[in-house]
Amino acid sequence: MAQRIEMSGVHAYYGSTLAVEDVSLTIQERHITAFIGPSGCGKTTVLRTMNRMHELVLGARVEGKILLDDEDLYDPGVDPVAVRRTIGMVFQKPNPFPTMTVYQNVAAGLRLNGARRGRGSDELVEQALRRANLWDEVKDRLHRPGAGLSGGQQQRLCIARAIAVEPEVLLMDEPCSALDPISTLAIEDLMLELKERFTIVIVTHNMAQAARVSQTTAFFTIAGAGQPGRLVEMGPTATIFSTPSQKTTEDYVTGRFG
Amino acid sequence: MITRGRRLPRWTPYAVAGGSLAVAEVTEKTTVVSGRSGVVLVAVATYLVASTAISAGVEGRRRCIDRLAGTLLGAALLMALIPLVLVLGYTVAQGMHRFDATFLLHSMRNVAEQQPGGGAYQAILGTIEQVGIAAALAVPIGLGVAVYLAEYGHAARLGRAVGLVVDVMTGLPSIVAGLFIYAFWILLLGFSFSGFAGSLALAVLMLPTVVRSTEEIIRLVPHGLREASLALGVPVWRTILKVVLPTALTGIVTGVMLGIARVIGETAPLLLTVFGNPSINADPFSGAQSGLPLFIFNEAQQPYPAAIDRAWAAALALVLIILGLNVAARLLARVASTVNRR
Ligand SMILES: Nc1ncnc2c1ncn2[C@@H]1O[C@H](COP(=O)(O)OP(=O)(O)OP(=O)(O)O)[C@@H](O)[C@H]1O
Ligand SMILES: [Mg+2]
């Protein structure tokens, strides 16, 4: 059930400003694809066009075609809510629900979607927390507020929340930027495990991480302030990090950027 | 190296305050300054000058400014608290005379104004019913409008128009709301005076307060929470219901309380719609009712000490109802959010 995403000629706007220009790429199913590039080049924006979160920003719109297994995500007949249910997301900043406990946060996706307080939900919550490498730390405080956790724990809670609903594609926007190396490794292990069944796209500023977990890497850049971001090249991670075809990519991955 | 600098001892402010007061007393004896307020004014001025000068001499510029700012802010706080404490204190002191079981449990039926005894039961009942119905009307509508304005209406032309109407309604004089219901409900549609007519007028007054204060609170809910919920594939309406409103719950409760406090003491609209009644009328939908503001208005006009005492006791009852409502609302909000936490 893992699914493939194909973008062609995608332009993303915030109001009248073009933030990302003409992106065409393919996200392979059961693959981990990494997005790298300097700050402001539009990685988050591209990611958010894939689960129709982009249009939630006032005045934001998308041009071009995005296919999820040959189905046009922006077809007028497509329900954005259904798209977001299929394509999950972990945000750059941890955002647990402050009125909910740890347990409720993880169960939120199921509960908010109207599932009844089922038998299986305890196991589901535990399983999601274990996969996010958070279980041991919170098993004694499942019924305390989720906002009472540390920043890194909150982020893992958000990851647990996102995977608890078993999306087919998981978009992760710098999920490890607030984590210590141990949790980071746990998240990377989780990604490798999830990739057996799911498609994963991860935005990261950590080159080593991109090299460790991803099979495919896409490099984005921006020509200067006020210019739209664009995709420079995309290819097997090993190639991008050793012999990229573009000079800018090489400069960036070797740290000579700017 | 960090030098600690010389500091004035902790007791300095008290010493300076005492000194200033002494100076003020002497000034009153020896100059044209007279009366309590004169003494207080001179004492405050002396305190400001003296503490600033002493601090500037000993502690240096930054600490001196800090002290001056602290003093001014403290003075502002006191100025704000004085009328509040006086009003509350005086109401309690005057209201105590008649705040008894008879007052709470009896009406003014067959009690002449000059007689002692009698009570405000009919007025307390009327106020609770009128304000309760007004809240039942205004809170759901107001909350709905606030959600619309905060979540959907920011871009739409309709949203801006509604916002403008709400702002205009905020400034609506209460007598106009009363006149409107009187002209529309009683004269035009032909209903009689009733508690419900009063509730309509109060609801008109409450609505904008509820809308504006809850809208602000709903806007304050971080955008990331909405996105987190939407990204889980939760529809917008469910996100608002299950994530946004619970997060804003305490603020919403405060907004509703503000709305209630805004109208519970309104007299003018009730005069035109509820009319007033010395006897108990428990039915808010037919016939003239009483209400605490009407009761106070009526009793305070009487030239009899017994009536004046009843007016004060009713004022105390009104204050206590507002206080009780506030405490109850806060407890409710806390219970609701801990229930959530389990
Ligand atoms: N909500 C928004 N409204 C207007 N402009 C935005 C908004 N979000 C992003 N932008 C603009 O779009 C461009 C791309 O931003 P984006 O967040 O996609 O970058 P990014 O590659 O994710 O950067 P970072 O690595 O810092 O997270 C930037 O120029 C940014 O200023
Ligand atoms: Mg980003």
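The values are calculated or read from the model by the stated rules, or taken from the named source; none is laboratory data. These numbers come from a predicted model, not from an experiment. Cβ sites come from the backbone with ideal geometry, for glycine too, and all protein chains shown count toward neighbours.
Looking across segment B:212-244, the residues that are more than 25 Å from A:Thr49 (Cβ to Cβ) and either polar (S, T, N, Q) or within 7 Å of chain A (Cβ to nearest Cβ) (or both) come down to B:Ser213, B:Thr214, B:Lys242. Confirm whether A:Leu179 is modelled with pLDDT under 90 and not in a helix (DSSP H, G or I). Spelling it out, A:Leu179 is indeed modelled with pLDDT under 90 and not in a helix (DSSP H, G or I).
Restricting the search to helices (runs of 4 or more DSSP H) fully inside segment B:91-176 and requiring at least 2 residues that are of a type in the set (S, T, N, Q) gives B:121-147. Out of everything in segment A:1-36 that is touching a helix residue (DSSP H, G or I) at 6+ places or on another chain (Cβ under 6 Å) and small (Gly, Ala, Ser), what residue ends up being nearest to A:Ala208 (Cα to Cα)? Restricting to residues being touching a helix residue (DSSP H, G or I) at 6+ places or on another chain (Cβ under 6 Å) and small (Gly, Ala, Ser), the top hit is A:Ala34. Residue-level analysis places A:Gly118 outside the set of residues that are modelled with pLDDT of 90 or more and more than 9 Å from chain B (Cβ to nearest Cβ). One residue stands out in segment A:218-244 among those that are away from ligand 2 (no atom under 16 Å from the Cβ) and within 18 Å of the chain's Cα centre (by Cα): the one that is nearest to the other protein chains (Cβ to nearest Cβ), namely A:Met234. Would you mind stating whether A:Met50 is at negative phi, within 16 Å of ligand 1 (Cβ to nearest atom) and facing another protein chain (nearest Cβ under 9 Å)? Criteria not met by A:Met50. For B:Arg310, are the conditions met, namely being in contact (Cβ under 8 Å) with a residue 12 or more places away in the chain, away from chain A (no Cβ under 14 Å) and closer than 26 Å to B:Gln94 by Cα? Against the criterion (in contact (Cβ under 8 Å) with a residue 12 or more places away in the chain, away from chain A (no Cβ under 14 Å) and closer than 26 Å to B:Gln94 by Cα), B:Arg310 qualifies. Taking segment A:1-114 and the strands (runs of 3 or more DSSP E) fully enclosed by it, the elements with 3 or more residues that are more than 16 Å from ligand 2 (Cβ to nearest atom) and touching a Phe, Trp or Tyr at 6+ places or on another chain (Cβ under 7 Å) are at A:60-68.
Annotation note: of A:Arg61, A:Arg144, the sole residue that is among the basic types (Lys, Arg) and more than 8 Å from every other protein chain (Cβ to nearest Cβ) is A:Arg61. Of the strands (runs of 3 or more DSSP E) lying entirely inside segment A:192-247, those containing at least 1 residues that are touching a Phe, Trp or Tyr at 6+ places or on another chain (Cβ under 7 Å) and within 19 Å of A:Cys176 (Cα to Cα) are A:199-203, A:216-222. Take B:Val274 and tell me if it is touching a strand residue (DSSP E or B) at 6+ places or on another chain (Cβ under 6 Å) and either among the aliphatic types (A, V, I, L, M) or modelled with pLDDT of 95 or more (or both). In short, yes.
To keep it simple, each residue is scored yes or no on (1) within 14 Å of chain B (Cβ to nearest Cβ); (2) more than 16 Å from ligand 2 (Cβ to nearest atom); (3) more than 15 Å from A:Lys43 (Cα to Cα); (4) at pLDDT below 95.
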{"residue": "A:Gly151", "(1), (2), (3), (4)": "yes, yes, yes, yes"}
{"residue": "A:Gln155", "(1), (2), (3), (4)": "yes, no, yes, yes"}
{"residue": "A:Lys195", "(1), (2), (3), (4)": "no, yes, yes, yes"}
{"residue": "A:Val203", "(1), (2), (3), (4)": "no, no, no, no"}
